[in-house]
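Asker: Mind having a look at this structure? Questions to follow.
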Amino acid sequence: MPRDAVARRAVRVLALMLMAIATPRAAVASDATDLYYPEDGPVRALADADFDALVAENGREAWVVAFHADGCVSCDDMAPHFAKAARTLSGIVRFAHVRVAEDSPSMEIARSAGLTKVPTVLGFPAHKQINPYTGAVAKQPEEYRNSTTSSKRIADFAASLLPSNLVRRVKTRDALDAFLNEKADDDTPTLPTTILITSKKETGALHKSLALRFRNRARFTEMDVLDVEAAAPELRTTQADAPAFFVLKNPDALADGGFERHEGAMSVDALVEFLERHAAPVPEDDAPEARDPRTGEARKPKTGKAKGSDESDTDASDGAPRRTFPAVDAGSFERSVLESPRCELVLFARLGDPQCARVSAAVGEALLKGKIAGHVNAVEVNVSDVSAAALQARYAPATLTKNEKLPRCAALALFPHGDKQELDPEFFDGLSGDESTTNDMTVDPKALANWVHEHVPDLVVSLSSSAVETFLRASPLTPKLVAFPKGEKKSRAFLALAANFNDDFMFASVPESDTETAEQFGVTTRPALRLLYLPPSEPGAPPSADQAQYAAAAFPAPTLAYTTMHAWVQQIQVQVLGKDIDEVMGDGVGRAGGEKKSLEVVFADTAAALEAECAEAPLCAVAFLDRPTESASHAEKTSGDENARAAFEKQTLAVETAAGIVSGKGLPAKFVFVDVISQRTFASAFEVTPSDAPRLVVASLRKNRFATHFGAFDASSLASFLEDVLSARAKTRMVQEIPSLVDGGEGAYEPEVFEEVEEEFDLSDIMSEEVEGEVSKEQAAARVERELAEEAAVAAAEKAREEEAAAAAKKKAKKKAKKKKKKKKDAAHGE
């Protein structure tokens with residue numbers, strides 16, 4: 001079939017397909033969510049009006065929020081499991097749901113969360129995080145990245161949001177006395193202290209939630225029941241009595257008998273009622289705790305420095321200047337900037353001068369406020385580095401000392417789209433204030449945004465109804481992205497997207513006044529974005545120009561924000577165009593191309609080997625892999641063995657390539673492999689299980705802090721994550737104790753076998769401190785009966801609808817037959 005005929009037929013089919021996308025399936029999801037998320041249930045419906053009070057400014061409760069939409073089958077599947085997790089953790093973690101739709105009262109929540117898909121589950125810890133660059137304080141949601149049809153895993157995720165630093169575990173009398181006599185300062189009133197006597201080895205979710213709810217009203221500690229006789233014999237608690245909960249009114253309460261034991265049930269409501277009688281009043285300043293993401297410690301937000309302040313914006317740990325953008329040195333400048341086909345924004349800054357320490361943050365803030373962050377790739381060159389002298393002389397001479405004038409702190413250059421070898425960069429002259437210092441430097445966000453977009457090429461076609469067929473006919477194998485912005489102008493974010501992805505896509509935009517073209521694509525609300533592409537005729541096969549129809553997909557987010565569009569298009573490159581994810585993600589500084597050099601990474605099978613690799617490094621990137629065992633003979637090897645070996649080799653290559661990227665940038669980190677099977681105890685300290693492999697953990701073995709990487713296990717993602725940890729953009733957590741590697745490995749591993757229906761799980765896995773008798777067999781049976789009744793109600797409703805439809809059809813047929821009989825009778829009389 002000729003290609004123009006293919007294109008014409010594709011246009012006809014496309015209209016039908018787009019209408020199918022624009023018209024949602026019957027609102028089955030509404031029935032499911034109404035059933036599992038009733039108004040009086042444990043899953044609350046969140047609205048824009050109450051989000052701040054309930055979540056954003058609530059420092060005493062953690063929240064888990066499910067985002068769903070009508071017509072979303074996966075959302076329907078998630079609902080019963082999400083509701084069950086909410087029932088399990090009722091009173092411990094709060095659960096809510098948000099319906100994503102044009103008429104939803106919660107769309108501002110969805111927009112601020114930057115949703116790219118439904119269903120999405122986000123966790124909101126009780127504390128806020130301090131941006132180390134701007135000083136801004138806000139809650140940072142964590143995305144749930146596991147099965148949405150497992151209530152146990154959802155509950156595990158919810159419990160992980162609870163802070164572990166509010167409960168102190170003590171073993172000796174000295175440690176207990178020291179805790180009782182601790183005081184922040186002389187102005188802080190003495191708070192009552194609670195002691196939980198437990199047989200559990202770890203702090204449970206129930207105890208963590210109580211400590212959070214009564215933060216700054218009481219202090220919480222716990223003790224193993226086996227230590228009570230030696231550490232606190234006054235409490236007279238034996239193993240048979242555990243768990244037991246006490247309140248001590250003052251530091252001398254044990255000696256003078258000023259303590260009281262909780263005599264009621266060990267349940268959330270009973271314990272809260274007991275604590276309300278003894279806790280201090282709610283403090284006047286009850287704002288959520290603000291934490292520094294680099295240390296995890298609570299501190300006051302940075303409010304800025306006065307001009308002339310002695311404080312510098314350098315990292316206190318090593319004196320290095322804080323960077324906002326990825327660093328490019330003299331050795332990589334040509335490959336990273338001059339050979340890049342995209343626009344490159346380069347900040348040449350004297351980062352070694354304390355007077356210029358804020359220049360990077362000032363430009364970063366302007367990009368964010370101007371809403372163009374990510375539109376062009378941004379990097380920085382530290383011209384204080386002697387190796388960058390040639391680059392400084394050529395591109396940033398104003399930062400040099402000349403004629404006894406003070407040098408400028410920085411020069412901001414934009415290298416144009418396309419060939420940069422023969423074109424000079426453009427320079428931004430809007431760095432205001434005293435240019436020899438950044439203490440009062442300001443950058444006009446609007447001026448910077450306008451300047452950047454003056455140099456972003458317009459590669460977006462203005463599409464009208466008469467040109468749709470021509471647009472689709474051109475290069476049928478090239479996917480098309482069509483934007484429907486609000487207003488008549490093309491979206492700046494979409495123009496930047498086209499400039500960055502024009503090699504793989506064609507771009508078009510339809511103004512708001514052109515309703516005819518929008519209707520052809522089934523678009524009724526703006527802004528909107530549509531993808532059109534020829535899918536493969538069969539899985540694994542490349543698409544063919546001889547295919548008869550385009551496939552279409554709608555951009556899932558409610559706004560055309562650049563970062564979410566960029567991530568979506570990268571997914572399309574991998575899933576539709578079949579590109580390798582490393583090629584798509586680039587080399588860790590935002591662009592593809594360039595040779596990546598790997599660095600050999602060794603397996604640490606002994607404590608000495610780990611020490612040798614990571615002892616001198618500030619950060620140790622530990623890649624936990626499931627190392628395949630060698631079969632006894634070639635004949636014993638199966639296809640499964642070969643597949644496991646191939647996957648393992650791909651994982652090791654990704655880690656070694658990431659190590660090469662990190663080493664090439666001179667970042668202070670070392671990589672090491674650890675077998676997750678033979679070193680299970682070591683892995684569990686970082687909350688990694690054999691089923692989690694492959695998993696990368698970036699740890700400071702000296703400070704007992706770590707951060708865990710989730711997402712694609714490819715070189716670029718791993719290297720970028722390590723950079724995020726170094727720059728404090730990734731959150732780190734404390735690990736109480738890091739066990740040593742077991743020389744020679746641990747014993748044989750028997751993987752835990754889960755039933756296909758994995759909803760029957762021990763509540764103590766989640767709540768830890770709930771007593772055995774609290775969930776009786778009768779209660780469990782009642783819960784099962786209730787769930788069966790809910791399922792029966794859904795089935796009965798469906799059956800009733802079917803019977804009603806059948807009765808209506810029968811009634812209509814009977815009426816039609818009666819009418820026909822009457823007509824026949826009238827005709828006979830007429831004769």
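Asker: Please count how many residues of segment 658-679 are out of contact with any helix residue (DSSP H, G or I) (no Cβ under 7 Å at 6 or more places or on another chain) and open to solvent by 10 Å² or more (accessible area, probe 1.4 Å).
Answerer: So the count comes out to 8.
Asker: Another question about this same structure. Does segment 59-85 hold any residues that are open to solvent by 20 Å² or more (accessible area, probe 1.4 Å) and touching a strand residue (DSSP E or B) at 6+ places or on another chain (Cβ under 9 Å), and which are they?
Answerer: Once the filter is applied, which keeps residues that are open to solvent by 20 Å² or more (accessible area, probe 1.4 Å) and touching a strand residue (DSSP E or B) at 6+ places or on another chain (Cβ under 9 Å), segment 59-85 yields GLU61, ASP70, SER74, ASP76.
Asker: Still on this structure: Starting from residues that are at pLDDT 85 or above and charged (D, E, K, R), keep the ones in segment 693-732 and report whichever is surrounded by the fewest Cβ atoms within 10 Å (Cβ to Cβ).
Answerer: Per the criteria, the residue is ARG705.
Asker: Can you find, within segment 108-122, the residue that is modelled with the highest pLDDT among those that are open to solvent by less than 50 Å² (accessible area, probe 1.4 Å) and part of a helix (DSSP H, G or I)?
Answerer: Ranking the qualifying residues of segment 108-122, first place goes to ILE109.
Asker: Would you mind telling me which numbered condition in (1) free of Cβ contacts under 8 Å to residues at least 60 places away in the same chain; (2) surrounded by 15 or more Cβ atoms within 10 Å (Cβ to Cβ); (3) more than 28 Å from PRO281 (Cα to Cα) THR221 fails?
Answerer: Every listed condition holds for THR221 apart from (3).
Asker: Ok, one more. I'm checking my understanding of the structure. Among residues of segment 733-749 that are open to solvent by less than 50 Å² (accessible area, probe 1.4 Å) and touching a strand residue (DSSP E or B) at 6+ places or on another chain (Cβ under 9 Å), which one is farthest from PHE673 (Cα to Cα)?
Answerer: Top of the filtered list is VAL735.
Asker: How about segment 677-702: which of its residues are of a type in the set (Val, Ile, Thr) and in a helix (DSSP H, G or I)?
Answerer: Correct list: THR681 only.
Asker: Suppose we filter ALA231, ALA244 for residues that are free of Cβ contacts under 8 Å to residues at least 60 places away in the same chain, farther than 30 Å from GLN140 by Cα and of a type in the set (Gly, Ala, Ser); which single one remains?
Answerer: ALA244 is the lone residue from the list that is free of Cβ contacts under 8 Å to residues at least 60 places away in the same chain, farther than 30 Å from GLN140 by Cα and of a type in the set (Gly, Ala, Ser).
Asker: Further question on the same structure: Restricting to segment 250-287, give me the number of residues that are of a type in the set (D, E, K, R), farther than 18 Å from THR221 by Cα and surrounded by 13 or more Cβ atoms within 10 Å (Cβ to Cβ).
Answerer: Adding up the residues that qualify gives 1.
Asker: Quick one: would you say PRO105 is open to solvent by 10 Å² or more (accessible area, probe 1.4 Å), part of a loop (DSSP other than H, G, I, E, B) and on the phi < 0 side of the Ramachandran plot?
Answerer: Working: open to solvent by 10 Å² or more (accessible area, probe 1.4 Å): yes; part of a loop (DSSP other than H, G, I, E, B): yes; on the phi < 0 side of the Ramachandran plot: yes.
Answer is yes for this residue.
Asker: Being under 26 Å from VAL346 (Cα atoms) and surrounded by fewer than 21 Cβ atoms within 10 Å (Cβ to Cβ): is that true of ALA474 here?
Answerer: Answer is no for this residue.
Asker: Which residue pairs have Cβ atoms closer than 9 Å, lie 6 or more positions apart in sequence or on different chains, and pair a first residue in segment 40-54 that is open to solvent by less than 40 Å² (accessible area, probe 1.4 Å) with a second residue that is charged (D, E, K, R) and at pLDDT below 90?
Answerer: If the second residue must be charged (D, E, K, R) and at pLDDT below 90, the pairs left are PHE51/GLU108.
Asker: Can you pull out the residues in segment 357-403 that are under 23 Å from PRO445 (Cβ atoms) and open to solvent by 50 Å² or more (accessible area, probe 1.4 Å)?
Answerer: Listed by number, the residues that qualify are ARG358, LEU368, LYS369, LYS371.
Asker: Of all residues being open to solvent by 50 Å² or more (accessible area, probe 1.4 Å) and touching a Ser or Thr at 6+ places or on another chain (Cβ under 7 Å) in segment 514-547, which is modelled with the lowest pLDDT? Just the residue, please.
Answerer: Among those that are open to solvent by 50 Å² or more (accessible area, probe 1.4 Å) and touching a Ser or Thr at 6+ places or on another chain (Cβ under 7 Å), it is SER537.
Asker: OK, next. Just to verify a result, which residue in segment 63-98, among those that are part of a helix (DSSP H, G or I) and of a type in the set (A, V, I, L, M), is farthest from PRO125 (Cα to Cα)? Give the steps one after another, and end with the answer.
Answerer: Of the residues in segment 63-98, the ones part of a helix (DSSP H, G or I) are 73-88.
Going one step further and asking which of them are of a type in the set (A, V, I, L, M), we end up with 73, 78-79, 83, 85-86.
Details: VAL73: 28, MET78: 22, ALA79: 22, ALA83: 19, ALA85: 17, ALA86: 16 Å.
Selected residue: VAL73.
Asker: Take residues that are at pLDDT 85 or above and tell me which of the helices (runs of 4 or more DSSP H) falling wholly in segment 579-665 contain 2 or more.
Answerer: 607-614, 639-664
Asker: Within segment 71-110, work out how many residues are closer than 15 Å to LEU206 by Cα and of a type outside the set (Val, Ile, Thr).
Answerer: Qualifying residue count for the region: 7.
Asker: Follow-up. Out of all the residues in segment 335-382, which are of a type in the set (Asp, Glu) and either part of a helix (DSSP H, G or I) or touching an Asp or Glu at 6+ places or on another chain (Cβ under 9 Å) (or both)?
Answerer: GLU365, the sole residue that qualifies.
Asker: Here is a follow-up. If you check LYS171, LYS201, LYS152, which single one turns out to be basic (Lys, Arg), under 30 Å from ASP76 (Cβ atoms) and either open to solvent by 20 Å² or more (accessible area, probe 1.4 Å) or not in a loop (DSSP other than H, G, I, E, B) (or both)? Spell out the reasoning first.
Answerer: Details: LYS171 fails: under 30 Å from ASP76 (Cβ atoms); LYS201 fails: under 30 Å from ASP76 (Cβ atoms).
Testing whether each residue is basic (Lys, Arg), under 30 Å from ASP76 (Cβ atoms) and either open to solvent by 20 Å² or more (accessible area, probe 1.4 Å) or not in a loop (DSSP other than H, G, I, E, B) (or both) leaves just LYS152.
Asker: For segment 602-630, what are the residues that are open to solvent by 60 Å² or more (accessible area, probe 1.4 Å) and either of a type in the set (Lys, Arg) or touching a helix residue (DSSP H, G or I) at 6+ places or on another chain (Cβ under 7 Å) (or both)?
Answerer: Within segment 602-630, ASP626, ARG627 qualify.
Asker: Can you spot a residue in segment 488-495 that is assigned to a helix (DSSP H, G or I) and over 34 Å from the mean Cα position of the chain (by Cα)?
Answerer: Within segment 488-495 (the criterion being assigned to a helix (DSSP H, G or I) and over 34 Å from the mean Cα position of the chain (by Cα)), the answer is no, since none of the residues qualifies.
The values are calculated or read from the model by the stated rules, or taken from the named source; none is laboratory data. Here the structure is a predicted model, which means the values were calculated and not measured. Please note: Cβ atoms are built from the backbone with ideal geometry, for glycine as well, and neighbour counts cover all protein chains shown. These accessible areas exclude ligands, DNA and RNA; they are computed on the full protein's heavy atoms, side chains included. Shrake-Rupley method; radii C 1.70, N 1.55, O 1.52, S 1.80 Å.
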